[in-house]
Every structure is written in structure tokens, then in C-alpha cells.
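I have placed the structure first, in the form of C-alpha cells, so that the comments after it can refer back to it.
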Amino acid sequence: MLSAHGHERVDPWYWLRERDDQTVIAYLEAENDYADAVLSETEELRKQIYKEILSRIDENDLSVPVKKGPWMYFWRTRQGLSYPIHCRMKASSAASVDFDLMRHKDREDEEVILDENDLAAGHDYFALGNMEVSPDHRFLAYLFDTTGSEVFTLRIRDLHAGSDLDEEVAGTSYGLAWSNDESTLFYTRPDEAMRPWQLWRHTIGTQPEDDVCVHVEDDERFHIGVTRTKDDAYLLLEIESKVTSEVWALSADDPTGSFRVLQERRNGIEYSVAHRDQHFMLLTNDSAEDFRLVEMPDLLPLGGEVAEIVPHRPGVRITGFDLFENHLVVYERSDAASVIRVIDSATGAATTLDLPETPSTAWGGLNPEFSSRVLRYHYTSLITPSSVLEYDMDNHTSKVLKRQRVPSGYDPALYRTDRLWATSEDGTRVPISIAYREDTAGNLPAPALLYGYGSYEHSIDPMFSPARLSLLDRGFVYAIAHVRGGGEMGRGWYLNGKLEHKKNTFADFIACARHLRQHGWTSPDRLVARGGSAGGLLMGAVLNIAPELFRAIVAEVPFVDCLTTMMDPSLPLTAIEWEEWGNPLEDPKAYEWMAKYSPYDNVTSSASQSLPQLLVLAGINDPRVAYWEPVKWVAKIRAQNPASKVLLRIAMDSGHAGPSGRYAAFEEEALVLAFVADAARVATAPR
């Protein structure tokens, strides 16, 4: 067949797209049977790692309750149950709460508002989407998906009666917001390409066929969402493409009124919005590559004078902000480190929260109360379990509310974390976060797992994982390559890893692998790479460019047939993604650069030399990366490299996020880690 630009492209595995064809289903089932047969060699190791993971998980866990109005909301988990149970209790009784006791025993004044285990019963897959309580705390609106397709059903629960209303709405997408009349709910619907494109209004007591469509976004590059300002003043309709934003506002007291645009869309200008004291605050990249905060009056017509609140600082990316009645919290990122700054709105004095380790990460928690004078936030590192903290914004003091428990025991003093810097082929310094046991340092080179992503300005932060201890305790070094295309080093870091600069993502990852080798951390026969989704594209690219660097590669839901997908706007999300990857249908240059790196189109051939071992994971209902991309890729690799060990496991009941339920997720992680350890020739028990 011919491409849009006349290039001949023959695809002998194109037929694998026909998911309703029983021949295709039989092919996928045969792949699973083959993978299971080969992976049976690691079954005992897999079982051992699963037991280790389970021993480190607090199966009877409890979130720190969050105050919202007269209630404290929280979730709990129970041993043997796969999904959380969402609860609440009166805020007036919270002072007498023994949270450690609550982990094991329900309180008499505790009210279960939603048990995901009940909703998941009878389904092979279950995922909860958004859930929002009405302003009077009587109704709970929630979204759920039982296929992995990310198309949701909306239900509304009367929390006084403890039962759902009969006003169920099928075919919805992410996003829910209540108006102040406590009976009007806004939600979104997706189009055939899975793009949320319509905003709808529902009134309690009416049937879905009477719902009103209040906005339609016809530009296929944009998707919509709906939310509510923390001060309860406005509903916000957020319209976004990959590079452009537009926000519309409606008084939360006037749900049948008309949304008004705050700033009309301008190509390349992004902004997000909060509200306080008759002003909208905007985080924007207008005249600020790394963003700045500005303020404008909310008087209609909108578009009054704009005042700068936090100026642009090149190299310091403002990633978000949280607005309180008396404080402004700014979340920043620079030099691959996260920063939280708290600004007193009356005095302008700014305080930076102390983070005790490098590398580490911190992020804002749930802070729904506009009048609160304390900030809930989280802190963790690769070797420090996650903590939930509360920062007093007036007195500048922090206290720990909860530390992640490792029931089997964990001594962080046995482990080390460091920040390394590799040099990419163009001279750019690339940060690497690593973790290892202290006694591993005397046994180098060690087996190593190198993780990478590098797309959408998404940062892979150094966070603690109980499962990862199964590798560290077997002498592994764990490393994250913070490659270009991510957001770790500012907006420029992202821009230099997308579109025509995408090759920098691959070069950076390869430089990180070589750095670990050249500095004695590991060796090619002990190094395994791992990445998922767009990080799976990274795995496919480095497999083609530098297979000699890796013993094995794990590619999860990998976006490996990117050129074909970006040439088919009928597929979910393709049109939205053109601003991230390029539009090869309209732009010959985009076609050329994608054709040069697309993993599927650049599979290397060898009749005798084997490639790194491959474990590829996919989901048949995946709306983000179609299952046929990894399936076709595996078929082509096998055909051109018959001596290679290539395994494909495709979940026949889930989508992009993998299996649902925590125990199923633990089992899949144990399978992956057993594959990694076996590939690196590590069969020893943990220290």
C-alpha cells in the first residue's frame, strides 16, 4: 500500500486489526498460551516475588480522612478485597479518631458511601472514574467502566437512602461537576474517536433523555472537561489541545445560564484557572515558556486588566497551583526536582517546603476546603516510603499524618539513592535517579533495571515502590532515565523531545544506559530496560538503535506502530495527538521523521544473532494504544529475528491500565519482575 506521500508501505500483519474475526482471537489466545508456557520456567520465582509484594502491602489500609464541609471523607481496603471502600464520618467526631485502630475496625459513626467491590462483582474488569459529592453532601455522582475501554456509565447515589437513583447515563467520559442548587450535574460525552467533545446537563429527578447538551467542541484537536472552583463560585468548562487552552466560566448559582469564555484560544497559548475574591487567577505560558501566574477581574464581560502575581523565571517550570482564601501554593520543577512554595497572600512572603533527600519528590494532596490554613501534601523518594503531611501555612510547620507501612519490615538505612548525570550525543546532560542496597555497591557491576518514558511533558518522579524491593534485595540497581520529552527540566526539556526532536528522547535513554555501563554500575548482559505506552515507543526505538546494550526489554502497551496510527484519524485520539507527534497525512516532514524512528517500520533483521529478550504486554480493549500495535510488532520481530526470545501477553478483558484490582496488579508485577530477574540471570533469594 502507499502512504499519503507516495511511499510504498507493505504491512503483511494489517489483518490483525480485525478484532471481531475469530481467526484473530485464536491468534491472540495462541500468543498467550505460548507466553505462559515459556514463562512457566519462572513460575516459582514469580510466586515467591508475589508473596514478597503481598507481605509489604498493608492490606487493611486507610487513607487520611479529608475534611469537606461537615464530613471527613476517606477510603479503606480490606484483606482479600481487590478494590477500595469509600467512606465518610462526621467531622465533629474526627478529633477522637484513632486511625491505627480504624485500619482494623470500622467505627460506629462510619458511613460507607461506595464499595467498589460490590460494583465490580461479576465483572472481569472494573475501574472507577470520577466521583463527586453534591454541595449538600446528599448525592454522590460516580463513573465506572467494566471493559477497560474508558467509556463510562454515570450513576447517582442518594446517600440518605443508600441506593442509586434510576437516572443512569451510559456512554460518558471523564469529568463531573455539581452546581450550587445541589440538583444539577454536568458531565461529558465522547465521540467515536474517544474524544470528550460534548458537555451535558442533568437535573436530579429527570431521565437522561431529557438532559441538555450545553456545549459541543467541533475542532477534533480539542477535548473538553468540566470542574468547579474551590471557592464554589464558578463551574469551569476546560477545552484543551496538546498546545492550546480555552476556559469558559458559569456562575455555580446559575446552572441554566450560559458559559462565558475567559480568554479566547490562541494557538500555542495554554492556561488553567482558579477563582478568589472576584478574580480569576490564570497559570499561563503567554509570554512565559515556563509559565507565570496572572490575575484578572471576573466582571462580565470578561477580559479586564491582567496583573502579574508570580513572574516567569526561565528554567523554573510552574506545573500547577492551589488557591486558598489566604494563601497561594505554587508547584514548581527545576533541575529534575519538585518544589512547593507557599505564598502569604496578605504579605507576599514566600516559604519553600523542605525536602530532605535528593532525588525525591513532593506533590499536593487533597485540599478541598477554600478556607483552610493548612496544606495537605505528600513526600517520598526511591527508598523512603510515602508520607502524608500537613503544613501549617501560618506557622510554617509540618507534621506527618501517615507514613506508608511495610508490614514485613523495612529498614531504609540499608538502601541508598543518588542522582547521576549522563551526557547525550549532542552534549546535553541527562539526569538519572538510582536506588540500590548499600551492600550492592561492593558487588558492581550489578544487574540493573532502567526505566524511561519521555513524552507529553510527563515527569517520572523518584517514588517508593514496595514491589521494587524484590529487585533491590536481589542485588539490582534501579534507575530512572529522565529523558527529554518529559517535564523534569522545564518546558524546553519537553519541547526538545517532541515532533522533529523526538530522536533526542531515544538518544538520552541510550546515553543513560551507556553511563551506567561505563561507570561500572552494570553491564550489557545484566541490564534490562522497561517502559510503557509512549515509553513503549521508547523501548521499540532503542531496541532498533542499540540492541547490544540490553539483556532484555519489557514493553507495556507500547505505542510502536505510531506512523500507521497517526495516519488514521478514525482511530481514538489520533487527531488530538498530531500536535504531539506530527501529522504525517498533511506534513511530508512529519512523515519523514516518524518513518525514521517508528519502531514497527524500523525492525532490524538477523537470521542468527538474537535480540534482547522481549516481554510485551497489551490489552485488547485499550483505547489509547490499539492492541494490534504490539501484536503486529511482535510478529514482525519474530519473522525477521527467528533466534530471538519474544513473548506477548495480551489481556482479553482489560485496556490501557492493565488488570483491575490490586491483587491482579500485584500478580502482573510479580510476573514482570520475575522475567526481569531471570533475564539478568538472578535466581537468588532476597537478602
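Here, each number is a calculation from the coordinates, and none is a lab measurement. Note that the structure is predicted; figures quoted are calculated from it, not measured. Cβ atoms come from the backbone with ideal geometry, glycine included; neighbour counts cover every protein chain shown.
Summary table
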| quantity | calculated |
| --- | --- |
| Using a Förster distance of 60 Å, the FRET efficiency for Arg107-Asp219 (Cβ separation, nearest 0.05) | 0.75 |
| Amide hydrogen neighbours beyond the local backbone of Tyr234, cut-off 5 Å, H modeled | Thr229, Ala252 |
| Helix 588-597 axis, angle to the chain major axis (alpha carbon atoms, nearest 10°) | 60 degrees |
| 3J(HN,Hα) from dihedral phi, segment 281-292, Karplus parametrisation 6.51/-1.76/1.60, rounded to Hz, x for glycine, proline | 9, 10, 9, 9, 9, 5, 6, 7, 4, 9, 6, 9 |
| Length gained when the stretch Ala350-Glu182 is fully extended (0.36 nm per residue, less Cα-Cα span) | 56.8 nm |
| Sequence-distant lysines (8 or more away, or on other chains) whose Cα lies within less than 18 Å of Lys90 | Lys67, Lys68, Lys105 |
| Karplus-derived HN-Hα couplings along segment 399-411 (A = 6.51, B = -1.76, C = 1.60, θ = phi - 60°), whole Hz, x at Gly and Pro | 9, 7, 8, 7, 10, 4, 8, 10, x, 6, x, 8, 10 |
| Folded to 0 to 90 degrees: helix 628-640 orientation relative to the chain principal axis, Cα | 10 degrees |
| Segment 611-673: radius of gyration over Cα atoms, expressed as a fraction of 2.2 N^0.38 Å | 1.19 |
| Dipole axis of segment 138-195 (+1 Lys, Arg; -1 Asp, Glu on Cβ), positive-most option in Asn180, Pro190, Leu154 | Asn180 |
| Three-way shape label, segment 128-233, alpha-carbon gyration tensor, a/c 1.5 | prolate |
| Neighbour-count ranking [beta-carbon atoms within 10 angstrom, fewest first] of Met567, Met489, Met652 | Met652, Met567, Met489 |
| Taking Lys47, Lys399, Lys632, Lys242 and counting other C-beta atoms within 10 Å, the order from fewest to most | Lys399, Lys47, Lys242, Lys632 |
| Computed [θ] at 222 nm, helices only, for the chain once each DSSP H run of length n ≥ 4 contributes -39500 (n - 2.57) | -5500 deg cm²/dmol |
| Equivalent ellipsoid, the chain (semi-axes from 5 times Cα gyration tensor eigenvalues, Å) | 39, 30, 28 |
| Two-decimal log10 I(q)/I(0) for segment 539-687, as the Debye equation yields it once each C-alpha is a single scatterer, q = 0.16, 0.21 Å⁻¹ | -0.94, -1.32 |
| Eligible aspartates and glutamates near Lys632 by straight Cα distance, threshold 13 Å, same-chain separation 8 or greater | Asp11, Glu18, Glu31, Asp561, Asp601 |
| Full-extension gain in nm, Asp118 to Arg373, via 0.36 nm per residue minus C-alpha separation | 88.1 nm |
| Segment 320-405: equivalent-ellipsoid semi-axes (sqrt of 5 x gyration tensor eigenvalues, Cα, Å) | 22, 15, 10 |
| For Ser251, Ser40, order by how many other beta-carbon atoms lie within 10 Å, fewest first | Ser40, Ser251 |
| Cα centroid of segment 602-641 to Cα centroid of segment 14-82, whole Å | 22 Å |
| Under-5 Å amide H pairs with Tyr453, H placed in peptide plane, nonlocal only | Val483 |
| J(HN,Hα) series, segment 657-663, from Karplus relation 6.51 cos²θ - 1.76 cosθ + 1.60, nearest Hz, glycine and proline x | 7, x, x, 9, x, 5, 5 |
| Label zone at Thr684, where the point sits 7 Å out along the Cα-to-Cβ direction: segment 408-445 residues whose backbone N lies under 11 Å | 439-444 |
| Gain in span if fully extended, Glu548 to Arg405, counting 0.36 nm per residue against the direct Cα distance | 47.5 nm |
| Modelled FRET efficiency - R0 60 Å, Asp253 with Ser610, Cβ distances, 0.05 increments | 0.35 |
| Amide H partners (placed H, <5 Å) of Tyr415, local residues excluded | Glu438 |
| Cα gyration tensor shape of segment 295-439, rounded if a/c is under 1.5, else prolate or oblate by comparing a/b with b/c | oblate |
| Principal-axis tilt of helix 534-545 within the chain, Cα atoms, nearest 10 degrees | 20 degrees |
